[in-house]
Amino acid sequence: MIGNAPFFVVGLLFLGGLTAIFIEKNLIKIAIAIGIISSAVNLFLVALGYRAGGTAPIHFLAGERTVMVLPTPQAMTLTAIVISLATTAFLLSLIMLVYRHYGTLDVDEIRRLRG
Amino acid sequence: MNWNDHLPALLLMIPLFGAFAAPLVCLLGKTMRNVLLVGLSFVTLLVALLLWKSVLAGGIAVYVMGGESFNLTLPSGMALPIRIIMEVDAFSAFMVVCGSIASFAGALFSTNYMEKFTGLGRFVSLYFLLTLGMLGMMITGDFFNFFIFIEIASIASFGLVAFWRDRPEAIEASLKYTLVSQVGSMIFLIAAGALYGKYNALNIAAIGSLLQFGVMEKIALVFIIGTLAMKCGSFPMHMWLPDAYAEAPSGVSCLLVAVSQASLYGLMRVCFSLYGVNLGGSFIPWMIISMGLASMFFGVTMAVVQHEIKRLIGYHSVSQVGYMLLGLGVGLLVLTDAHGMAEYGFTAMKGGIFHIFNYTMYKGLLFLAAGAIYYATGKRDLNEMGGLARRMPFTTAMFVIAAAAISGLPPFNGFVSKLLIYESVFAVHPALTVVALLTSVLTLASFVKVFQTAFLGPEKSVFTGVREVPSGMLFGMGVLTLAVLGATLFPSWTLSNLVEPAAKALVDQAGYIGAVMGGGL
């Protein structure tokens, strides 16, 4: 049960982020919610690769311990972090441009493309 | 060393090189930049054609990145492949050919179309990155790499949709696309992680060989289908698509059409090659079929009322994606039923796959023609246009060809693929054909409207100075017109050489898995 705790946290974070995207009106808060979702996914990947009592997955440094955590999810997480950094930066610059054009960050008022 | 073996890697290296060389080459001036954009797109197209030829001749091509040799998928003592593997079967090769034709046409078109604007170094860079992401999605054999290529393609397309950043609408469209797409790709990553957690593998073929259809797999499948259906613009998640297509520069819209097909490719790859015969029951196929029907019908009904030309064409994209979902969904429905497959399922899949080719070509052509109108007149709204046929005869001719093809008028290629879909889905349920026919009629109605208002009628005084667009744009449209006419004039050659191997490859799950796992299913 306690071993599954990280996955509950992942679920809570993910749902929290998703809810925030739907109910928040401010674009900056929506960008933060997307960041929370990315963090939840990264946590999910890292938690997948964890083995109880494992060491860092470096073969020559492991010493007498033979249990290692999985390296692949860590590599995946690093890549996913870089990607989410890029998209967050892009999203924030878009929000800046939106503010410049529309003078507001309220999603209900940014409605030129309809129908 | 045989060059043919390294084609999958070359296919990705060339646009990647172009993306990073672009800012440097642009310092050398306008001509060099255009040479880079068109030249490298053309080389990519050549490599794609060579790859397609070698796959047709020699079966599935696998390419291992970072291994001792290029085709060592399973190093000795390993039960699962550990390296990054590209896997190109006939369906991937077919998609790669479609995508690189669209990319080449868009590049040719953009040389003249974009020349009035600044920041073209970044434009060329992003254009190549988008091509790279699209081609990567089509040839990768690995889930996590698929995610990475989705993200490369997405980030490049966010930037390109917002390229005219002084237009509020462009920023809004890009923002909408970014929000939807970002949540979608995170959900895709969760699915990839879930499958990794269960099977300790990221390779599609390796997971496919081990797959047992349980709760975890159902969750992962739903997540993947939801994400990829969103990225290809299927009905309930389509709202970003007309905005993004309409606001992107036209050469990019043409490429974005091909990128959405790459997502459709991913959807089909997961359904057929990963789950395949394990896809218990008919729920998922029916879900895909009904998404297709809803996309077709609602897409076209929303398109009919539009009066901004690129937005109208964008809504037609939603409805055209429905045809492919319908055809391939019917194929998926009868995947385990050999009799049904031979009777009508395989025809439906051929129709769906042929429609992918046709759709990429004529939809790209329509976007380019709409861009040509915008370039020549500066107008986006149909109500302000009229009498352009006198001033722009070549654009008019190519627009007519594309419009006839998308409406499914015989003898154009759109008719052939639609006919294959009509006659085969009729066997599942006649109502499917009724919706498809109705959609086709409404498509025709809508394009008659566009043609009549934009090109026919009396000459307007504001358009007396309008001239035919420059040659680069005409050549860009010409490439796609040639592709449409080629598929129109030689339908049986296209069907037997281009489409049928792709359809066969898609249903051959054991072959796809065996190419990586060494025949051991």
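Enumerate the helices (runs of 4 or more DSSP H) found wholly within segment B:227-317, keeping only those where 1 or more residues are within 14 Å of chain A (Cβ to nearest Cβ).
B:240-247, B:283-304
Restricting segment B:159-169 to residues that are in a helix (DSSP H, G or I) and within 9 Å of chain A (Cβ to nearest Cβ), which is farthest from B:MET268 (Cα to Cα)?
For segment B:159-169, the residue satisfying everything is B:PRO168.
Which pairs have Cβ atoms under 7 Å, sit 6 or more apart or on different chains, and link a residue in segment B:1-29 that is more than 14 Å from B:LEU50 (Cβ to Cβ) to one that is of a type in the set (Ser, Thr, Tyr)?
Every condition considered, the pairs that remain are B:PRO15/B:THR44; B:PRO15/B:THR131; B:ALA19/B:SER125; B:ALA22/B:SER125; B:PRO23/B:SER125.
Looking at segment B:338-360, is at least one residue of a type in the set (A, V, I, L, M), under 23 Å from B:HIS238 (Cβ atoms) and modelled with pLDDT under 90?
Looking for residues that are of a type in the set (A, V, I, L, M), under 23 Å from B:HIS238 (Cβ atoms) and modelled with pLDDT under 90, one finds none in segment B:338-360, hence no.
Go through segment A:62-80 residue by residue and tally those that are touching a residue at least 24 places away in the same chain (Cβ under 8 Å) and either outside any helix (DSSP H, G or I) or more than 9 Å from every other protein chain (Cβ to nearest Cβ) (or both).
Of the residues in that region, 2 qualify.
When you go through (1) within 21 Å of B:PHE158 (Cβ to Cβ); (2) of a type outside the set (A, V, I, L, M); (3) without any contact (Cβ under 8 Å) to a residue 12 or more places away in the chain; (4) away from every other protein chain (no Cβ under 12 Å) one by one for A:ASN26, which number turns out not to apply?
(3)
Any residue at all in segment A:40-49 that is under 23 Å from B:SER154 (Cα atoms), of a type in the set (S, T, N, Q), surrounded by fewer than 20 Cβ atoms within 10 Å (Cβ to Cβ) and touching a residue at least 40 places away in the same chain (Cβ under 8 Å)?
No, segment A:40-49 has no match at all.
Does at least one position in segment B:154-161 carry a residue that is touching a Cys at 6+ places or on another chain (Cβ under 9 Å) and under 26 Å from A:VAL98 (Cα atoms)?
no
Within segment B:175-198, does at least one residue satisfy the condition of being buried (at least 24 other Cβ atoms within 10 Å of the Cβ) and more than 14 Å from chain A (Cβ to nearest Cβ)?
No: segment B:175-198 contains no residue that is buried (at least 24 other Cβ atoms within 10 Å of the Cβ) and more than 14 Å from chain A (Cβ to nearest Cβ).
Being in a helix (DSSP H, G or I) and touching a Phe, Trp or Tyr at 6+ places or on another chain (Cβ under 7 Å) is the filter here, so list the residues in segment B:77-93 that pass it. Steps first, please.
Our first condition is that a residue be in a helix (DSSP H, G or I); within segment B:77-93, this holds for B:90-93.
B:ALA93 - this is the single residue of segment B:77-93 that is in a helix (DSSP H, G or I) and touching a Phe, Trp or Tyr at 6+ places or on another chain (Cβ under 7 Å).
Give segment B:370-393 a look and list any residue that's over 21 Å from B:VAL305 (Cβ atoms) and in contact with a helix residue (DSSP H, G or I) (Cβ under 8 Å, 6 or more places away or on another chain), or say none.
The initial filter retains those residues of segment B:370-393 that are over 21 Å from B:VAL305 (Cβ atoms), namely B:371-372, B:375-378, B:387-393.
Listed by number, the residues that qualify are B:GLY371, B:ALA372, B:TYR375, B:ALA376, B:THR377, B:GLY387, B:LEU388, B:ALA389, B:ARG391, B:MET392.
Could you check how many residues of segment B:139-182 are in contact with a Pro (Cβ under 7 Å, 6 or more places away or on another chain) and of a type in the set (Lys, Arg)?
Residues flagged as in contact with a Pro (Cβ under 7 Å, 6 or more places away or on another chain) and of a type in the set (Lys, Arg) within segment B:139-182 amount to 0.
Evaluate the following for B:THR301: is it over 30 Å from A:LEU113 (Cβ atoms), among the β-branched types (Val, Ile, Thr) and surrounded by fewer than 21 Cβ atoms within 10 Å (Cβ to Cβ)?
Answer is no for this residue.
Can you tell which of B:ILE82, B:ILE152 is within 14 Å of chain A (Cβ to nearest Cβ), over 22 Å from B:TYR265 (Cα atoms) and surrounded by fewer than 24 Cβ atoms within 10 Å (Cβ to Cβ)?
Criteria check complete, one pass: B:ILE82.
Return only the number of the condition from (1) at pLDDT 90 or above; (2) more than 12 Å from every other protein chain (Cβ to nearest Cβ) that A:ILE2 does not satisfy.
So the condition that A:ILE2 fails would be (1).
Considering only residues that are crowded, with 23+ Cβ neighbours inside 10 Å and either of a type in the set (Lys, Arg) or free of Cβ contacts under 8 Å to residues at least 40 places away in the same chain (or both), which ones fall in segment B:369-414?
Hit for segment B:369-414 is B:GLY408, nothing else.
How many residues are in contact with a Leu (Cβ under 7 Å, 6 or more places away or on another chain) and among the aliphatic types (A, V, I, L, M) if we restrict to segment B:4-20?
Count: 6.
From the list B:VAL88, B:VAL124, which residue is over 20 Å from B:SER253 (Cβ atoms), surrounded by 21 or more Cβ atoms within 10 Å (Cβ to Cβ) and β-branched (Val, Ile, Thr)?
Answer to the check: B:VAL88.
Is there any pair linking a residue in segment A:81-104 that is more than 9 Å from chain B (Cβ to nearest Cβ) and more than 16 Å from B:ALA173 (Cβ to Cβ) to one that is surrounded by 17 or more Cβ atoms within 10 Å (Cβ to Cβ) and among the polar types (S, T, N, Q), with Cβ under 7 Å and at least six apart or on different chains, and which?
A:ILE81/A:ASN42
Is there a residue in segment A:40-61 that is more than 10 Å from chain B (Cβ to nearest Cβ), touching a Gly at 6+ places or on another chain (Cβ under 8 Å), at negative phi and not in a helix (DSSP H, G or I)?
Yes: one or more hits.
The values are calculated or read from the model by the stated rules, or taken from the named source; none is laboratory data. Being a predicted model, the structure only gives us computed values, none of them experimental. All Cβ positions, even for glycine, are placed from backbone atoms using ideal geometry, and neighbour counts span all protein chains on display.
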